[in-house]
1. Please work out which residue is farthest from the chain's Cα centre (by Cα), limiting yourself to the range 116-139 and to residues that are among the polar types (S, T, N, Q) and outside any helix (DSSP H, G or I).
2. Among the numbered criteria (1) under 17 Å from residue 151 (Cα atoms); (2) in a helix (DSSP H, G or I), which single criterion is violated by residue 193?
3. Among strands (runs of 3 or more DSSP E) lying entirely in the range 1-75, which contain 1 or more residues that are among the basic types (Lys, Arg), crowded, with 24+ Cβ neighbours inside 10 Å and in contact (Cβ under 8 Å) with a residue 60 or more places away in the chain?
4. Tell me, yes or no, whether the range 236-245 has at least one residue that is surrounded by 14 or more Cβ atoms within 10 Å (Cβ to Cβ) and in contact (Cβ under 8 Å) with a residue 60 or more places away in the chain.
5. Could you say whether any residue in the range 180-191 is surrounded by 20 or more Cβ atoms within 10 Å (Cβ to Cβ), on the phi > 0 side of the Ramachandran plot and within 20 Å of the chain's Cα centre (by Cα)?
6. Taking the conditions exactly as written (within 13 Å of residue 47 (Cα to Cα), in contact with a helix residue (DSSP H, G or I) (Cβ under 8 Å, 6 or more places away or on another chain) and either assigned to a loop (DSSP other than H, G, I, E, B) or among the aliphatic types (A, V, I, L, M) (or both)), does residue 290 satisfy them or not?
7. Mind listing whichever residues of the range 248-281 are within 24 Å of residue 103 (Cα to Cα), within 11 Å of the chain's Cα centre (by Cα) and of a type outside the set (Val, Ile, Thr)?
8. I'm told residue 315 meets every condition in (1) farther than 28 Å from residue 201 by Cα; (2) charged (D, E, K, R); (3) in contact with a helix residue (DSSP H, G or I) (Cβ under 7 Å, 6 or more places away or on another chain); (4) modelled with pLDDT of 95 or more except one. Can you identify the failing condition by its number?
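The values are calculated or read from the model by the stated rules, or taken from the named source; none is laboratory data. Here the structure is a predicted model, which means the values were calculated and not measured. Note that each Cβ is placed from the backbone with ideal geometry, even for glycine, and that neighbours are counted across all protein chains shown.
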Amino acid sequence: MKTFDVVALGELLIDFTENGTSVQGNPVYEANPGGAPCNVLSMLNRAGKKTAFIGKVGQDIFGKRLKAVLEETGIDVSNLIMDADVRTTLAFVETFADGDRDFSFYRNPGADMMLREEELDTDLLKNTRIFHFGTLSMTHEEVRNATKTAIRVAKESGALVSFDPNLREPLWKSLDEAKEQVAYGLSQCDILKISDNEIRWFTGEEDFDAGIAKLRGEYDIPLIMLSMGKDGSRAYYKDLRVEVAPFLQENTIETTGAGDTFGGCCLYHVLKYGLEHFDEAKLKEMLTFANAAASIITTRKGALRVMPTVDEVERLIEERG
């Protein structure tokens, strides 16, 4: 028996999101706790799963707040390193009228990219059912080495490996380097969550099915989830391809964290059924639940502290019938 359901490694940061304007007409930004891996863990915690996070923040006001938020949500922080020599990473998020977003990162350096291999608590990695990571922990050599070691230890201990590329172009020296590290992630994972933009970028295919076929031809990934925003989502598993429509919301505020919520819900169903036991009905159940949860998070500011409960998600599914 493993102690944890999911352990994730990666970035924990502050997302400064627009929240109106001041009396002088200047944009006002709200400091929301964020970081894709912890958003995933927060959704899993809301669903009753036991999770832990591996990462680094600064020994500053933001780092202390972030640690307190993770503790509040029930995520294990025993391997969250507080570094007095480097500041917590910050991201400013601009949301456009069509819902698309632009990110400006303050990370040169940022604490998340300074995690070192020797700082890993390997006991956490040996005692989890799933290990989850993205590419923000692959942008620089030190944290890249830590990520690769974590993957190796988790796999050797029998964990499934979950990967979300979560491409953030400004953080890479070049997109060629980004592609190389995404390829590494694809070569290691059992579960992949990838977005419509990312599959087009990585494969060069405009048609999603063609892009997924290209990936599957090169990488042995048992379960692939494709998020398509307002067009819903798809799952590819063995010879199955399942597509589920989105739950569109009239009162959407922003989409930050929607993909992470979706991904966390998919991992919840992998834990529920086991990777070997999906069929068409279970894939449809997984995508329906994940789409509904992701739609709920778009109506809330931030993500990490405001994930929906299982009951909330099931109510929405029932209401939409």
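1. In the first step, residues of the range 116-139 are kept if they are among the polar types (S, T, N, Q); the result is 122, 127-128, 135, 137, 139.
Within this subset, residues satisfying the condition of being outside any helix (DSSP H, G or I) are 127-128, 135, 139.
Working: 127: 20, 128: 17, 135: 10, 139: 16 Å.
The residue in question is 127.
2. The failed condition is (2).
3. Values: elements: 4-9, 13-21, 27-34, 51-58.
The qualifying strands (runs of 3 or more DSSP E) are 51-58.
4. No: the range 236-245 contains no residue that is surrounded by 14 or more Cβ atoms within 10 Å (Cβ to Cβ) and in contact (Cβ under 8 Å) with a residue 60 or more places away in the chain.
5. The answer is no; no qualifying residue exists.
6. Values: within 13 Å of residue 47 (Cα to Cα): yes; in contact with a helix residue (DSSP H, G or I) (Cβ under 8 Å, 6 or more places away or on another chain): yes; either assigned to a loop (DSSP other than H, G, I, E, B) or among the aliphatic types (A, V, I, L, M) (or both): yes.
Yes.
7. 257, 258, 259, 260, 262, 263, 264 - these are the residues of the range 248-281 that are within 24 Å of residue 103 (Cα to Cα), within 11 Å of the chain's Cα centre (by Cα) and of a type outside the set (Val, Ile, Thr).
8. The one condition residue 315 does not meet is (3).
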